[in-house]
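Here's the structure we're looking at; comments come further down.
No lab work stands behind these numbers, since they all come straight from the coordinates. Quick caveat, the model's predicted, so the values are computed rather than measured. Note: ideal-geometry Cβ built from the backbone for every residue, glycine included; neighbour counts use all protein chains shown.
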Amino acid sequence: MHVKKGDLVKVLAGRDKGKEGTIIRSLPKEDRVVVEKVNLVKRHQKPNADYPEGGIITKEAPIHVSNVMLICKSCKKPTRTGHKFEDNGKKVRVCKHCGATLD
C-alpha cells in the first residue's frame, strides 16, 4: 500500500471528498484504511466495559486505499509516491512533486 498508519491523507472520492485526516489504522489484506473523522457511521452499541451506557455511537469506518492520496509534508500538496533506495540500502517513499523523502 502507498500509505501507512500516521500519514496525513486527502480523500479523493465518496461523500467525504476533499476532507483531510490522519490514518488511524491500516487494513492491508482488505486494501482499506481508517481515516480520522472521515466516513463516520452510526452503530448501535450494547453496554460493555468501554460503553457502560450503550446506545448509538458514531465511529470511523474503513475506506478503500485507492480513494485517498498522501499529503507531502514539505510541499503540502496531495502527491503520488515513488520509491528510491538510500545509501544504506533502505527503501524510502519519495514525493513526485518536490522529491522530498516521506519516511
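Here is how the numbers come out for the structure above:
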| read-out | value |
| --- | --- |
| Dipole magnitude (debye, nearest 20) for the stretch 1-42, charges at Cβ of Lys, Arg, Asp, Glu | 120 debye |
| Reach of Lys29 by Cα under 17 Å, taken over lysines that are not fewer than 8 positions away in the same chain | Lys4, Lys5 |
| Pairwise label distance in nanometres, Arg25 with Val92, each label 7 Å out on the Cα-Cβ vector | 3.1 nm |
| Two-decimal Rg/Rh across the chain, once Rg and the Kirkwood Rh are taken from alpha-carbon atoms | 1.09 |
| J(HN,Hα) series, the stretch 26-37, from Karplus relation 6.51 cos²θ - 1.76 cosθ + 1.60, nearest Hz, glycine and proline x | 10, 10, x, 5, 9, 6, 10, 9, 10, 10, 4, 6 |
| All aspartates and glutamates inside 19 Å of Lys76 as judged from Cα atoms, apart from same-chain residues fewer than 8 positions distant | Asp7, Glu20, Glu36, Asp103 |
| Reachable lysines from Lys46, criterion Cα separation under 22 angstrom, eight or more residues apart if same chain | Lys59 |
